[in-house]
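Working notes, structure below.
The values are calculated or read from the model by the stated rules, or taken from the named source; none is laboratory data. Everything numeric here is computed off the predicted structure, so don't read it as measured data. Reconstructed Cβ throughout: ideal geometry from the backbone, glycine too, with neighbour counts over all protein chains shown. We work out accessible area using only protein heavy atoms, side chains counted, and drop any ligands, DNA or RNA first. Shrake-Rupley method; radii C 1.70, N 1.55, O 1.52, S 1.80 Å.
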Amino acid sequence: MPSEPSFTVGIEEEYLLVDRESRDLVVDPPDALMARCEKELEERVSPEFMQSQIEVGTSKCDTVSEAGAELAELRGCIARIAADYGLAPIAASTHPFAQWDAQKHTRKERYDELARDMQAVVRRLLICGMHVHVGLDDDELRIDMMQQISYFLPHLLALSTSSPFWRGEVTGLKCYRLSVFEELPRTGLPETFDSFGEYQRHLDVMISAGLIEDATKIWWDVRPSARFPTLEMRVADVCTRIEDGITIAALYVSLTRMLHALKRDNQRWRKYSNMLIQENRWRAQRYGFDEGLVDFGKGNVMPFAGLLDEIIGLVTDHATALDCLAEVEHARDIVRRGTSAHHQMAIFDAAMAEGADKHEALVKVVDYLVEETAPPAKGP
């Protein structure tokens, strides 16, 4: 009988770097900033497509809490070094008022190639996300789990939203990031394959035709990682609060373990078409969890809190086995108090009601993001 997957966890987050005085994005961050980050964090930090972005990634962790502690260390290090240059990271999937056409992309071969190939589409890519890797050592298992877990991606997205603004405008969406990202090819919900071999054959056709170099340019909401033996969830906005991001990771790994247990018992989650899942994905993008999602079994839009209770019930035993039940149950707190997108809109609306102009209100939103992104410094 095949051995149990490792269910290890790794988390990647992308941040935007803002000028503490103007609250706008820094266009030309000093080279010394990245050099110092790389010296301290080594391979756990890297530049992103835009020079005003920075990416961190935890090491392979045995537990969600271990990943959370490492993520707090990474955020703290970035914030500390950035402060020396009058900058600060914000964990939000869009900046409240920055203009994409003022930004410069990082001069790196991969990014230069993207800029040539994608043109204006990639120049607008002033967005940040969170990716969660779960260790699944078997290729066939990754393909099977990818297709089953797609059902839950809108639920994870709804809990993570942090991008209600774009270029100084209220978008009316809780997650505008996906609207920008979907201008790129090979994005959205994953395709369906009968086996890893079929997936690989499709990749080989695209590679041999010169369309892509490798699987890293498949940008689905969830995909088999091209770098690690993991299933990588990519649908989520980056969460401003670390504890919310850890909850997304805990839910994802617990759902993966639940689906694997079904497979072990010769069962599986009911398969729904991308046409249906896409409707929930759009609802999560538009409303977050405010207006509920569709329960396809019942054929009705249901309040999100009830759907979340059902999900927590499904994964409780698995979250307990993975030592992350508290992190999973924190999802109820997110629903009670709102995501980053809810808080950003509340701060903006309150400032406007008090007589601030639009830019002043957006500056207050940036201040909130700066304050909430980095954990408080530990005392001696």
Considering only protein heavy atoms, what per residue accessible area in square angstrom results for the chain with a 1.4 angstrom probe?
42
Which of these, 107, 234, 80, has the largest mean-square fluctuation under a Gaussian network model of the chain (Cα springs below 10 Å)?
107
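If you place +1 on the Cβ of every Lys and Arg, -1 on the Cβ of every Asp and Glu, and leave all else neutral, what size is the dipole of segment 67-135 about its Cα centre, to the nearest 20 Debye? Write out the running numbers ahead of the final one.
Values: 9 positive and 8 negative charges, 33 e Å.
Dipole of segment 67-135, to the nearest 20 debye: 160 debye.
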Relative frequency of Cα-Cα separations exceeding 14 Å in segment 1-53, percent
65
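Got the relative contact order for the chain handy, in percent, Cα pairs under 8 Å and 6 or more residues apart?
Values: 676 pairs, mean separation 82.1, N = 380.
Relative contact order of the chain: 22 percent.
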Does segment 93-201 come out rounded, prolate or oblate by the C-alpha gyration tensor, with a ≥ b ≥ c the root eigenvalues, rounded set by a/c under 1.5 and, if not, prolate when a/b is larger than b/c and oblate if not?
oblate
Once phi is turned into θ = phi - 60°, what whole-Hz ³J(HN,Hα) does the Karplus curve with 6.51, -1.76 and 1.60 give for every residue of segment 64-79, x standing for Gly and Pro?
5, 5, 5, 5, x, 5, 5, 5, 4, 4, 5, 4, x, 5, 4, 5
Charged-residue dipole, Cβ positions (Lys, Arg, Asp, Glu), segment 57-213 about Cα centre, Debye nearest 20
980
Among 266, 184, 315, which residue has its Cα positioned farthest towards the positive end of the charge dipole of the chain, with +1 placed on the Cβ of Lys and Arg, -1 on the Cβ of Asp and Glu, and the dipole taken about the Cα centre?
184
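So, with a 1.4 angstrom probe, what is the percent of accessible area on segment 106-220 that is carbon and sulfur? Mind showing how you got there, number by number?
Numbers: 2130 of 4430 Å².
Ligands and nucleic acids excluded, carbon and sulfur reach 48 percent.
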Distance (nanometres) between label positions extended 7 Å along Cα→Cβ at residue 6 and residue 310:
3.4
Quick one, what does Rg over Rh come out to for segment 16-112 if you take C-alpha atoms and the Kirkwood Rh?
0.97
Charge dipole of segment 264-380 built from unit charges on the beta carbon (Lys, Arg +1; Asp, Glu -1), centred at mean Cα; most positive-end Cα among 351, 276, 324 is 276
Find, among the trypsin sites (Lys or Arg not before Pro) in segment 312-380, those assigned to loop by DSSP (not H, G, I, E, B) with at most 10 other beta-carbon atoms within 10 angstrom.
378
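Output the pairs from 174/298; 174/263; 108/358 with a Cα-Cα distance over 30 Å in this structure; if there are none, say none. The partial results should precede the final answer.
Details: 174/298 26 Å; 174/263 34 Å; 108/358 36 Å.
Exceeds cut-off: 174/263; 108/358.
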From the Cα gyration tensor of segment 159-243, with a ≥ b ≥ c the square roots of its eigenvalues, which class applies: rounded if a/c is under 1.5, or else prolate if a/b is larger than b/c, or else oblate?
prolate
Suppose every K and R has +1 on its Cβ and every D and E has -1 on its Cβ; what is the size of the dipole of segment 221-360 about the Cα centre, in Debye to the nearest 20?
840
Does segment 316-380 come out rounded, prolate or oblate, given a ≥ b ≥ c as the square roots of the eigenvalues of its C-alpha gyration tensor, rounded meaning a/c under 1.5 and, failing that, prolate meaning a/b above b/c?
oblate
Given the C-alpha centroids of segment 65-102 and segment 212-260, what is the distance between them in whole angstrom?
20
Shape descriptors of the chain over alpha-carbon atoms, Rg and Dmax in angstrom, are 20.1, 67
Accessible area of segment 248-380 belonging to carbon and sulfur atoms, whole % at 1.4 Å probe
52
